[in-house]
Structure formats: C-alpha cells, structure tokens
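Structure first, then comments.
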Amino acid sequence: MKLLVTANHTPFIAGGANYHVEGLVAALRRYGHQVECLRLPFHYGETQIERQMMFAEQLDLTAPNDVLVDRVISLQFPTYGLHHPAHVVWLMHQHRVCYELYDPKQASPALAALKPQVEAFDRRHLGGAKRLFANSPRVAERLHYYNGLIAEPLYHPPHQAEYFTCGDDWGYAFYPSRLEPLKRQMLLIEAMANTRTPIKLLLTGEGSQRRQLEEQIESLGLGNRVRLLGHISEQEKRTLYAHALAVAFPSFDEDYGYVTLEAMLASKPVITCTDSGGPTAFVEHGVTGWKCEPCPQALAAALDDAYAHRAQAKQMGKQGREAYCAKKISWHQVVTKLVYSE
C-alpha cells in the first residue's frame with residue numbers, strides 16, 4: 001500500500017515525538033508498504049497556529065500529483081486537519097494549552113480567542129476520521145472529556161526497546177527527561193532534601209530550567225547527592241537505566257511517557273505521581289513501583305523505601321518487566337491496527 005504519515009516538524013527541538021514518528025515510518029516500511037512522511041512546520045503563537053490550521057484544512061492528499069494514496073495516518077495537531085477518504089488518526093496529544101493546561105486567569109486575549117477555534121477544529125477533524133486511536137489511555141480520556149470523542153488506546157514500544165538490559169543497582173534513582181516545568185525535576189530535588197537514606201539522584205537532559213535546578217541543588221546542599229548530567233547518548237542512557245535502583249518519573253499529566261516503559265524494559269521499579277497521567281496506566285502501586293501524591297514528602301518516602309528495601313525494589317522491577325511483556329506492546333500490533341482496521 002502507498003501510505004502517507006503526517007506529523008509536525010519543529011526545528012532544533014527534539015524529543016520523544018520524533019521517535020514516535022520515525023518508529024512508525026520504519027515499522028510500516030518493514031511490513032512492505034511504500035511510505036512517505038509529510039512533516040509540516042509548527043510554530044507556537046496564536047496567529048501562527050490559526051494559519052497552520054487553515055493550511056492543513058486546505059490539504060487534499062487523496063492523490064497528490066496524481067499518485068493515489070491508499071491511506072493517510074496523522075499523528076499531530078494540526079496535521080490531522082487534512083482531507084483523505086481513508087484518514088486514520090493516531091493522536092499523540094491535542095494542543096494542550098487550549099485544553100487541560102488552559103488557565104483562564106492567566107490566558108492572554110489571543111489564547112482565549114484561539115481556544116474555541118481549536119476545539120471546533122478538533123471536533124471536525126478528529127470526529128471525522130475513519131478510525132481514531134490515541135497513544136495512551138490518558139490521551140483518550142482527555143479527548144472524551146473535552147470533545148466527547150472515543151479513541152482506542154494503541155501502545156507502541158520505546159526506541160530501541162530490544163537493547164534495554166538490567167544490571168546490579170548502584171544506589172541511585174534515575175530520571176531522564178527535558179528540564180522543563182511540567183517534568184517537575186524541582187519537585188524531585190526537593191524530595192531528595194527530605195530523604196533519610198543516602199540514595200542519590202541522576203538527572204539527564206537539557207532544557208529551560210537547568211539554571212534554576214543548579215541553583216536549587218546548591219541552595220539545598222545536595223551537590224554530593226544530586227547530579228545534572230546534561231545530554232547523553234542513547235547507549236549511556238540505557239547503561240544508567242541498567243544500574244539504577246529505581247526510576248523516578250514525577251512528570252505532570254504526561255501523555256504516554258517513554259520513561260515508564262523504558263524503566264520496565266530495564267526491570268526497574270518506577271516512582272511516579274497520582275497526577276502524572278500516562279505513567280499511571282502502567283505503574284501498579286506496590287507491585288511495579290510507587291504512585292505518590294505530588295509532594296516532596298511522599299516522593300521522599302518512596303525513594304527511601306526503594307533504598308531501604310532493595311531486594312523488594314528489585315522484585316518490583318522484575319514484575320514491571322513481566323507487566324510490560326503481558327501487554328504485548330509491539331509495532332506489529334500498531335501496523336495491524338492502523339493499516340488494516342476498517
């Protein structure tokens with residue numbers, strides 16, 4: 001089949017979304033399909049977003065340049081606004097600042113005016129898709145709550161899932177992620193100041209909050225226990241997973257959360273929060289990790305529990321790996337659903 005995958009392109013900003021897009025295209029090609037990926041430039045800003053929605057709605061990809069496309073699979077806002085008779089949407093997330101991240105007290109007049117436009121756009125195009133999938137139960141929940149639409153959750157494996165391994169723990173909690181407010185590294189560092197055990201914390205990634213995190217670590221006197229490692233390679237990341245005691249993932253209302261799945265593949269228990277969204281669908285409290293209230297004291301208690309009961313933490317990690325395998329997460333399942341479902 002000739003398949004077209006649509007997604008966004010944001011220059012010089014990388015993240016899990018790129019792995020999602022590239023993983024899907026590669027999987028479709030492995031199964032013998034002719035695949036092209038159309039990535040539209042995405043710019044933040046209310047006026048820019050209005051223009052991008054209008055542009056997407058003008059795209060008819062039924063037969064570009066007289067080449068018949070059998071199916072279009074859209075992943076991101078606003079690319080799912082295009083037209084095709086066999087249009088399938090596998091939703092990563094909506095334009096979140098117009099939904100669960102919208103604060104009417106803080107919103108500018110431009111954002112307040114954009115919000116109903118985005119909601120109407122989503123109802124038209126997500127509601128009109130031939131099939132509608134979400135990349136996690138949390139994304140499906142939001143879609144139902146805000147738009148009254150039903151999407152089937154469809155999981156996919158993390159990048160290079162087959163290379164994750166488990167080694168002896170070296171007494172640290174590991175958190176790889178962008179250093180941004182929604183990822184809540186500051187909350188985790190504050191939790192470290194409340195621990196009673198000598199557990200250490202390794203943070204990797206870059207982002208807008210690096211300076212604030214450095215200052216917080218210094219002000220709390222945690223320089224010998226909390227380290228910011230910056231950007232690391234995928235191989236280095238897998239090594240840090242392999243030797244972690246536990247993986248911390250206290251992010252706020254995550255869409256899917258590769259960190260959870262990567263931790264489970266590495267047989268490591270996950271420390272997350274009750275409001276962390278996507279990870280809560282995978283973490284079973286007391287079995288594969290901890291689901292804590294989003295406060296420093298609760299996170300500190302989980303960190304101390306992992307350190308004080310390391311054999312139990314190791315067993316929880318094994319159970320996490322088993323839980324991941326039981327879900328049969330695979331690209332085969334994804335391709336089957338997206339390409340052959342009617």
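The values are calculated or read from the model by the stated rules, or taken from the named source; none is laboratory data. From a predicted model like this one, the values you see are computed outputs, not experimental measurements. Glycine also receives a Cβ, built like all others from the backbone with ideal geometry; neighbour counts cover every protein chain displayed. Each accessible area value is taken on the protein alone, full model and side chains, heavy atoms only, with ligands, DNA and RNA left out. Shrake-Rupley method; radii C 1.70, N 1.55, O 1.52, S 1.80 Å.
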Item to complete: Would you mind checking the tilt of helix 210-219 against the longest principal axis of the Cα atoms of the chain, expressed as 0 to 90 degrees and rounded to 10?
Response: 20
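What whole-number value in Å² describes the accessible area per residue of region 101-156 for a 1.4 Å probe?
49
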Worksheet item: What percentage of the solvent-accessible surface of the chain, computed with a 1.4 Å probe over protein heavy atoms, is contributed by carbon and sulfur atoms?
Response: 52
Worksheet, complete the sentence: Summing -39500 (n - 2.57) over every DSSP H run of at least 4 residues in the chain and dividing by its residue count gives a helix-only mean residue ellipticity at 222 nm, to the nearest 500 deg cm²/dmol, of -12000 deg cm²/dmol
Discussion item. Using the Cα centre of the chain as the reference point, and only Cβ charges (+1 on K/R, -1 on D/E), how large is the resulting charge dipole? Debye, rounded to the nearest 20.
Written reply: 500
Worksheet item: What base-10 log of the normalised intensity I(q)/I(0) is obtained for region 11-168 from the Debye formula, alpha carbons as equal point scatterers, at q = 0.20 Å⁻¹?
Response: -1.47
Practice prompt. Answer with a single label: of (1) 65, 48, 33; (2) 72, 54, 35; (3) 79, 47, 39, which was calculated as Cα extents along the principal axes in Å from the structure in view?
Written response: (1)
Discussion item. Number of Lys pairs in the chain with C-alpha atoms less than 20 angstrom apart, excluding same-chain neighbours closer than eight positions?
Written reply: 27
Worksheet entry | Between 0 and 90°, nearest 10: helix 331-340 axis offset from the chain longest Cα axis | 20
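Using a 1.4 Å probe and counting only protein heavy atoms, arrange Asp66, Asp255 so the residue with the most accessible area comes first.
Heavy-atom accessible area, descending, gives Asp66, Asp255.
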